[in-house]
Amino acid sequence: VKIYSKGDDYISTQVYWKGYKGYEGATVHLFYHLAKKSNCIFDVGANVGLFTLIAGCANRKSAIYSFEPVPMILERLKRNATINHLSTVKAELLAVGSADGNISFFVPDQEGIPFSSSAAKGWSEKTIEINVRSIRLDNYREKQKTGKVDLIKMDCEFHEKEVLAGMENMLAKDQPILITEILFPESEGVKGHFENSDYIEIEKILLKHGYYFYLINATALSRVDRLEY
């Protein structure tokens with residue numbers, strides 16, 4: 001995996017100094033092995049594309065759809081896909097949610113490549129509001145004729161419920177493996193921004209479609225009855 005960087009984004013810096021497992025190492029390790037067996041992969045909240053690149057290099061025959069709504073970040077993702085010769089990556093300047101249309105998106109007011117951004121107002125201090133196009137994954141899947149989706153990685157910063165609500169047909173029909181970050185109100189870096197998160201609603205959506213929950217630990221997956229912090 002090759003990643004272009006000018007020392008201006010956190011993810012690439014971690015990988016440069018610590019290796020490809022230097023950022024979310026246990027998740028990266030699991031994702032790599034799942035991607036090897038997946039024909040169609042969605043990367044929601046792709047940022048500079050670390051998971052997209054790992055998926056593409058693990059399985060160069062897989063179709064990979066990467067969604068990143070911030071133009072500056074998307075350009076970096078595309079550059080990374082190009083230098084890795086990943087012709088099967090389709091990088092989309094799109095947010096993902098429960099409806100098609102334009103939405104407000106909140107990007108940290110900082111220099112360089114933002115580490116994360118969100119459709120949830122107030123998710124972080126000192127943000128810049130931009131207008132972006134958002135789509136339902138169910139509609140996107142049908143329009144693009146992707147076929148069965150096998151694996152989805154989600155990193156949506158308090159927007160997980162809306163993303164899942166827009167892909168319920170896919171959850172029911174395809175039963176893709178989901179790897180997702182769920183932020184709780186007490187999570188480091190977000191405490192005080194939200195009194196409640198949507199993890200209970202997220203649980204209901206997933207349980208309705210027959211999903212089980214696992215924590216990703218350093219050496220194993222641990223099955224749990226509900227989402228945990």
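The values are calculated or read from the model by the stated rules, or taken from the named source; none is laboratory data. Remember, it's a predicted structure, so these values are computed and weren't measured experimentally. Cβ sites come from the backbone with ideal geometry, for glycine too, and all protein chains shown count toward neighbours. Each accessible area value is taken on the protein alone, full model and side chains, heavy atoms only, with ligands, DNA and RNA left out. Shrake-Rupley method; radii C 1.70, N 1.55, O 1.52, S 1.80 Å.
So here's what we get for this one:
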{"quantity": "Residue match in the stretch 84-95 (condition: among the basic types (Lys, Arg) and more than 16 Å from the chain's Cα centre (by Cα))", "calculated": "no"}
{"quantity": "Cβ-Cβ under 6 Å pairs, at least 6 apart or on other chains, the stretch 12-36 side farther than 13 Å from LYS153 by Cα, far side hydroxyl-bearing (Ser, Thr, Tyr) and open to solvent by 40 Å² or more (accessible area, probe 1.4 Å)", "calculated": "SER12/SER5"}
{"quantity": "Those residues of the stretch 43-81 which are among the β-branched types (Val, Ile, Thr), in contact with a helix residue (DSSP H, G or I) (Cβ under 9 Å, 6 or more places away or on another chain) and outside any helix (DSSP H, G or I), in sequence order", "calculated": "VAL44, VAL48, ILE64"}
{"quantity": "Hey, ALA63 among the small types (Gly, Ala, Ser) and over 19 Å from SER87 (Cβ atoms) or not", "calculated": "no"}
{"quantity": "Criterion: within 23 Å of PHE106 (Cα to Cα) and at pLDDT below 95 - qualifying residue of TYR10, TYR65, TYR20", "calculated": "TYR10"}
{"quantity": "Where PHE105 falls short, out of the listed (1) open to solvent by 30 Å² or more (accessible area, probe 1.4 Å); (2) among the aromatic types (Phe, Trp, Tyr); (3) over 14 Å from ASP155 (Cα atoms)", "calculated": "(1)"}
{"quantity": "Criterion violated by HIS85 - all others in (1) without any contact (Cβ under 8 Å) to a residue 60 or more places away in the chain; (2) of a type outside the set (Lys, Arg); (3) closer than 17 Å to ILE135 by Cβ satisfied", "calculated": "(3)"}
{"quantity": "Output for the stretch 60-99, where each listed residue is among the acidic types (Asp, Glu) and crowded, with 16+ Cβ neighbours inside 10 Å", "calculated": "GLU68, GLU92"}
{"quantity": "Residue match in the stretch 184-200 (condition: modelled with pLDDT of 90 or more and open to solvent by less than 90 Å² (accessible area, probe 1.4 Å))", "calculated": "no"}
{"quantity": "Boolean, SER134 is part of a strand (DSSP E or B), within 15 Å of the chain's Cα centre (by Cα) and hydroxyl-bearing (Ser, Thr, Tyr)", "calculated": "yes"}
{"quantity": "Hey, LEU207 under 18 Å from the mean Cα position of the chain (by Cα) and either modelled with pLDDT under 90 or outside any loop (DSSP other than H, G, I, E, B) (or both) or not", "calculated": "no"}
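So that you can scan it fast, the table gives a plain yes or no per residue for (1) open to solvent by 10 Å² or more (accessible area, probe 1.4 Å); (2) modelled with pLDDT of 95 or more; (3) of a type in the set (Lys, Arg); (4) in a loop (DSSP other than H, G, I, E, B):
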residue: GLU129; (1), (2), (3), (4): yes, no, no, no
residue: TYR140; (1), (2), (3), (4): yes, yes, no, no
residue: LYS148; (1), (2), (3), (4): yes, yes, yes, yes
residue: LYS153; (1), (2), (3), (4): yes, yes, yes, no
residue: MET170; (1), (2), (3), (4): no, yes, no, no
